[in-house]
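Notes to accompany the following structure.
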Amino acid sequence: MKDTRIDRRLFLRGIGGVTAGAAAATALSACGTGTSRSATGVGKGGKTVVVRDSGGSYGAALQKAIYTPFTQETGISVKVLNLDNAPLLAQIKQGRPQCDLINDAMVSHTKYAKQDALEALDLDRLKSVKSAKIPENQITEHAIGHSFYGQCIAYRTDAFGGKKPESWADFFDTKAFQGGRAMCSPDGDLPELEFALLADGVPMDKLYPLDIDRAFKALTRLRGDIKKFWDSGPLPGVLLSRQEVTMSTVWDGRIADLQKQGVPVERQLNGMRRQFSGYAIAKGAAHVDNAYKLMDFALRAESQAALAKAFPSNPSSPLAYAKLTEDERNALAGAPKYYDEGFDTDIDWWLKNEAAVTKRWLEWARG
């Protein structure tokens, strides 16, 4: 599975490359851009909308839960484009975006908006924002959050004599919970400073602005027990399966796959870091009306619930969870019973500080 998280990470680390990306976009426009596929049905009157998503198993779930039902209801054919941020941004800057609707991390949309690459949204054309009760903090001038992924603790249930880690303090306590640890590198996601601060006693509602010095001091106490820094979603599961570590940070959607494989692992959602994904419309999009229609359809509570049935996606709509069975609901990190255990990533703080934190993280990891 290709992950929008990786694209967002590259974007944060300084794609800048509108100049460099322009050459890529020119070349791509000559030979066909990225990988694309069409939803079932040609669409009435040749009506079309092009959406950028990340493909893989997530893309297949979107096709089943969103795109095909949308085409069946509206007659609008959905074409999917798998394209990284740099060439997409270059296309927009050149006034020739090959997609209309962009499905990506909200932090990437924030970056796009700062470069005037997105259409300002008319919320009157998005009835589902109100009907699905999308949280206000996921409604911006240029993008609407539709789901989130959580970064949390994964641990082997057979490693601690029946004890269960309950917090990040336990993750950092290798005496009470022995064994190696794995944490994320900046090539996989944002540096995990928040978890170090929670382990050091900072209350969850007092995390931001992050105390960088305190976070690295806490991380240094664990450094000798960190056996691996992971840079892709499957790697924590591999390390846990091989018993190379007893605990790892992980994207919450990966846990279910491990459990299906018979690996004795469980998640701990206390102190989970949430990062939202959302929809935005590319500036200069060729099919703006259809982009609004697809976004409105995808934001419906029933659409978000359908996607959650097909993929471990955590809906932004609180009403979507009521449309799932109890087992389906509680399998998701976004279930009401778990929600207050986590926190939302402060996008603005990370946009201002990610480059400096990454530089320091790399120096720390080498040391």
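The values are calculated or read from the model by the stated rules, or taken from the named source; none is laboratory data. These figures come from a predicted structure and were not determined experimentally. Side chains included, ligands, DNA and RNA excluded: accessible areas come from the protein's heavy atoms. Shrake-Rupley method; radii C 1.70, N 1.55, O 1.52, S 1.80 Å.
Using a probe of 1.4 Å, the accessible surface attributed to W349 totals some 30 Å² when neighbouring protein chains are kept in position.
222 nm [θ] for the chain, helices only, -39500 (n - 2.57) per DSSP H run of 4+, per residue, to 500? Write out the running numbers ahead of the final one.
On the way: 18 runs with 150 residues, N = 367.
For the chain, the value works out to -11000 deg cm²/dmol.
On full extension, the segment bounded by L362 and Q243 gains 40.3 nm, given 0.36 nm per residue less the C-alpha separation. Cross-link candidates for K323: which aspartates and glutamates have Cα within less than 19 Å, leaving aside residues fewer than 8 places away along the same chain? Those aspartates and glutamates meeting the cut-off are D296, E302.
When averaged across all projection directions, what area in nm² does the alpha-carbon convex hull of the range 110-256 cover? Walk me through the numbers on the way to the answer.
Numbers: hull surface 45.1 nm².
Dividing the Cα hull surface by four gives the mean projection, 11.3 nm².
In the context of the full set of protein chains, the chain has a per residue accessible area of 42 Å² (1.4 Å probe). Length available on full extension from K163 to D340: 0.36 nm per residue minus the Cα-Cα distance, which gives 61.4 nm. Once Rg and the Kirkwood radius are both taken over the C-alpha atoms of the range 218-280, their ratio Rg/Rh works out to 1.01.
State whether the range 234-326 is rounded, prolate or oblate according to the following rule on the C-alpha gyration tensor (a ≥ b ≥ c being the square roots of its eigenvalues): a/c under 1.5 gives rounded; otherwise a/b larger than b/c gives prolate, and the remaining case gives oblate. Cα axes put the range 234-326 in the prolate bin. Roughly what % of DSSP beta bridges within the chain run antiparallel, to the nearest 5? Among the beta bridges of the chain, antiparallel pairing accounts for roughly 65 percent.
Probe radius 1.4 Å, ligands and nucleic acids ignored: give me the carbon and sulfur share of the accessible area of the chain as a rounded percent. About 49 percent, which is the carbon plus sulfur part of the accessible surface.
Averaged across orientations, what area in nm² does the convex hull of the alpha carbons in the chain project?
Values: hull surface 72.4 nm².
With the hull built on Cα positions only, its mean projection is 18.1 nm².
Among the protein heavy atoms, those of I226 account for about 10 Å² of accessible surface (1.4 Å probe, every chain in place). Cα extents for the range 93-169 along the principal axes, largest to smallest and rounded to whole angstrom: 59, 33, 21.
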